[in-house]
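Before we start, here is the structure in question, set down as structure tokens.
The values are calculated or read from the model by the stated rules, or taken from the named source; none is laboratory data. Everything numeric here is computed off the predicted structure, so don't read it as measured data. Every residue, glycine as well, gets a Cβ built from its backbone with ideal geometry; the counts of neighbours run over all protein chains shown.
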Amino acid sequence: MINQMREIENKIENGSRLNEADALYLFESPDLMRIGALADRVNRRKNQDRIFYNINRHINPTNICALSCKFCAFSRKPGEEGAYAYEIDEMVEKARTAVAQGATELHMVGGLHPRWPFKRYLDMIATMHAEFPGVHLKAFTAVELDWMARRERRSLAEILQDLKNAGLGSLPGGGAEIFHPEIRDEICDTKVSADQWIDTHRLAHSMGLRSNCTMLYGHIERFEHRVDHMRRLRELQDETGGFNVFIPLSFQPNQNDMGIGRYTFGFDDLKTIAVARLYLDNFANIKAYWVMLGQDIAQLGLSFGANDFDGTVTEEKISLMAGGRSGMAMSRADLENLILRAGRTPVERDTLYKPINLEKSLAQVAQGNQSHQASRSHQANRNLPVSRARKMTFAITPHTVVVKLDEMKNLSWANLLTTCQSNSSTPSSNGPCEVILAGMSVVANLMEQAAVDLHAGMTALRAAGVRRLAESPSDARWNTHDKVHRAAHQADLPTTGRLTLRATANGCDWNDFRKQLDRVSDGLRPLGMTAISLGTSPDVGDSGDSGDAHDALSMVVTATEYLHAVSQLRFAAGERATIITSLMDDVPTLAPAMGLGSDGSQHPAQKLVPLLADFGSDDLGLVDPALIKVQRLIEDIRSAGLAADVKFAPESSQTDAGLDLRHKPRDRA
Ligand code: SF4
């Protein structure tokens, strides 16, 4: 197995082509970081550090569709609630606003309307082209084109030629789904076959129309089906060279007839991007499609082989109705911000991937700004010797309780002890509860006010059921509490320190973070600290309240930056401390404002879970089963081949789904 990875690396270094067995091996490997680093190297070889985005506008003309693909939440039958069909005038008005805001592309795909004649589609293109002659019209999947040809009883070539004459610029990549008949027959048996899809794109390429291609993954397909799918695309690209970009589309779980109720794993999203970059060696461009991945994973995808972030989009209904929660629009500033903060250079492109204002983009980045410079260190970090955790631990309520002193008013030493005692006493037949006390400054102040010396106070806390003392967000610098840490350890009470990565208007305050890191390696051993948590400021929760996507971006630590900080912290701490990235409190995600899971089906930060382990964290803090589905979280952890270790689960505890939490840790999946 090790040899095969080495062989693959040699092939990549020598510029040799990977075969299907190699691609399958990569999909099956748990070594995401190594594969991602390889994909990143290949991407940089082809595209330097440039990441494309475009200013575009999606318009889905209708969701009325004659077909009923099992995975589709978008389509409606005529007269069904939610069915719509835009008049061409309405589409023109939608486009007019976008073009006034700088859109260079209109992306138009929709359902197979049972009553629309071909002329309607032709008029749509001709009218748009007449109104906006400088704007590229990318429209109609192979599935829609087949529908038009069959209804019109004309050849595909004639249909395509008429559309091209009317102003069609290129084809989008939809409708490919998964080519392998074993899956295609199951999820969309009435749609065009794989061969028809390929033939349509071959024909378009021969007529001078370039196109995109996609792969819908994360449903019932297996890795070998993905490899088969990519093989067919690579073969056509060898033949015609007509594909602009490969776009992996992550399955969206809402309202499908497939009984799949969960988003794809973040680990799998990034692996798929990376394998595509390595296997599809004749593609210049691989897209991290933020609409379906969410902005967090899409931004990370830029370090795993993707060089395209898609565009402003503005109104995309297909994935939105299927559970995509990334909002429908990003501004140019949002896109550039996320790309810069991934340490890359944003370059606007047109539909055919020609840079727009390349010199200006490069000049802007060359001038540099704080966030870009700081983000570059993220890239350097890829070479750090980060050791991957083999298991991911978390505790669950009510078996563990965190008493957050920052949130408690009018507290005295006496009633703190009472609070701890009542929390730790057996709440039911579930056994004793673990109490973690968070807030070192408050604890120290209360003891001082009550004239209790530190050592006696710590002993009293332990007797009251406290099992750990932790720094809270208001404890500004963990080494200012040295005495408290030492006293706790003398009383056999382990402690948790806390570092804070602070967001600024243009990125993160890395100087401040480095100062905190400097103290970790010096302070860890003498203080006897066994864990360090990594928080962010402003607090993660603040981002969701603004309701303004751009505010959210400028005020919050992004996923890429947070993971970078985790690995720096692990590097500083070595193997001497657990690193806690509290899923519910600290792991930053844009999701509350714009991302996946804001519908409550999945915690917004959940896609990042396996990656946290890869970057050096081994503990997800405290999880409330009312907010996070425990079994799903365990699936997330296992998706990366890690064991899930549920702390302090008492004998009788079971999840709703019947998962016995006493089994710990789990074997590698
Ligand atoms: S995926 Fe496309 S063809 Fe299939 S039902 Fe949905 S809109 Fe219709």
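Could you grab the pairs with beta carbons closer than 8 Å, sequence gap of 6+ or different chains, first residue in the range 601-623 and in a strand (DSSP E or B), second one of a type in the set (Phe, Trp, Tyr)?
Within 8 Å, the pairs are ASP619/PHE394; LEU620/PHE394; GLY621/PHE394; LEU622/PHE394; VAL623/PHE394.
As an exercise: evaluate GLN196 against (1) in contact with an Asp or Glu (Cβ under 8 Å, 6 or more places away or on another chain); (2) closer than 30 Å to PHE265 by Cα; (3) within 16 Å of the ligand (Cβ to nearest atom) and give the number of the one condition it does not meet.
With (1) in contact with an Asp or Glu (Cβ under 8 Å, 6 or more places away or on another chain); (2) closer than 30 Å to PHE265 by Cα; (3) within 16 Å of the ligand (Cβ to nearest atom) applied to GLN196, the lone miss is (2).
Checking the conditions here, which among ALA463, ALA491, ALA444 is farther than 29 Å from VAL557 by Cβ, touching a His at 6+ places or on another chain (Cβ under 9 Å), surrounded by fewer than 22 Cβ atoms within 10 Å (Cβ to Cβ) and among the hydrophobic types (A, V, I, L, M, F, W, C)?
Within the list ALA463, ALA491, ALA444, the selection yields ALA491.
Same structure, new question: Of everything in the range 72-83, what is of a type in the set (D, E, K, R) and within 15 Å of the ligand (Cβ to nearest atom)? Give them in sequence order.
Those that are of a type in the set (D, E, K, R) and within 15 Å of the ligand (Cβ to nearest atom): ARG76, LYS77, GLU80.
Identify, by number, the condition in (1) at pLDDT below 95; (2) of a type outside the set (Gly, Ala, Ser); (3) out of contact with any Cys (no Cβ under 6 Å at 6 or more places or on another chain); (4) within 11 Å of the ligand (Cβ to nearest atom) that CYS69 doesn't meet.
Going through (1) at pLDDT below 95; (2) of a type outside the set (Gly, Ala, Ser); (3) out of contact with any Cys (no Cβ under 6 Å at 6 or more places or on another chain); (4) within 11 Å of the ligand (Cβ to nearest atom) one by one, CYS69 breaks only (3).
When only residues in the range 84-108 that are within 16 Å of the ligand (Cβ to nearest atom) and in contact with a Ser or Thr (Cβ under 8 Å, 6 or more places away or on another chain) count, which is nearest to LEU358 (Cα to Cα)?
Checked the range 84-108; the qualifying residue nearest to LEU358 (Cα to Cα) is TYR86.
Would a scan of the range 539-551 turn up a residue that is touching a helix residue (DSSP H, G or I) at 6+ places or on another chain (Cβ under 6 Å), modelled with pLDDT under 90, within 26 Å of PHE267 (Cα to Cα) and surrounded by fewer than 23 Cβ atoms within 10 Å (Cβ to Cβ)?
yes
Now, a different point. Which one is nearest to the ligand (Cβ to nearest atom) among residues in the range 317-354 that are at pLDDT below 60 and charged (D, E, K, R)?
LYS317
Here's something else I'd like to know. Looking at LEU38, LEU26, can you tell me which residue is over 19 Å from ALA342 (Cβ atoms), away from the ligand (no atom under 16 Å from the Cβ) and modelled with pLDDT of 95 or more?
Being over 19 Å from ALA342 (Cβ atoms), away from the ligand (no atom under 16 Å from the Cβ) and modelled with pLDDT of 95 or more holds for just one of LEU38, LEU26, which is LEU26.
Within the range 93-105, identify whether any single residue is exposed (fewer than 15 other Cβ atoms within 10 Å of the Cβ) and of a type in the set (Ser, Thr, Tyr), and answer yes or no.
yes
Do you know which residues across the range 147-183 are among the charged types (D, E, K, R) and buried (at least 22 other Cβ atoms within 10 Å of the Cβ)?
Hit for the range 147-183 is GLU177, nothing else.
Would the range 214-227 turn up any residue that is surrounded by fewer than 20 Cβ atoms within 10 Å (Cβ to Cβ) and within 16 Å of the ligand (Cβ to nearest atom)?
Checking the range 214-227: at least one residue is surrounded by fewer than 20 Cβ atoms within 10 Å (Cβ to Cβ) and within 16 Å of the ligand (Cβ to nearest atom).
I've got another one for you. What number of residues within the range 504-537 are in contact with a strand residue (DSSP E or B) (Cβ under 8 Å, 6 or more places away or on another chain) and touching a residue at least 60 places away in the same chain (Cβ under 8 Å)?
6
Continuing with this model, one more query. Give the residues of the range 162-177 that are over 30 Å from ARG222 (Cβ atoms) and either within 15 Å of the ligand (Cβ to nearest atom) or without any contact (Cβ under 8 Å) to a residue 12 or more places away in the chain (or both), sorted by residue number.
Correct list: ASN165 only.
Filter the helices (runs of 4 or more DSSP H) completely within the range 74-159 down to those with at least 3 residues that are closer than 24 Å to SER206 by Cβ, free of Cβ contacts under 8 Å to residues at least 24 places away in the same chain and of a type outside the set (S, T, N, Q).
It comes to none.
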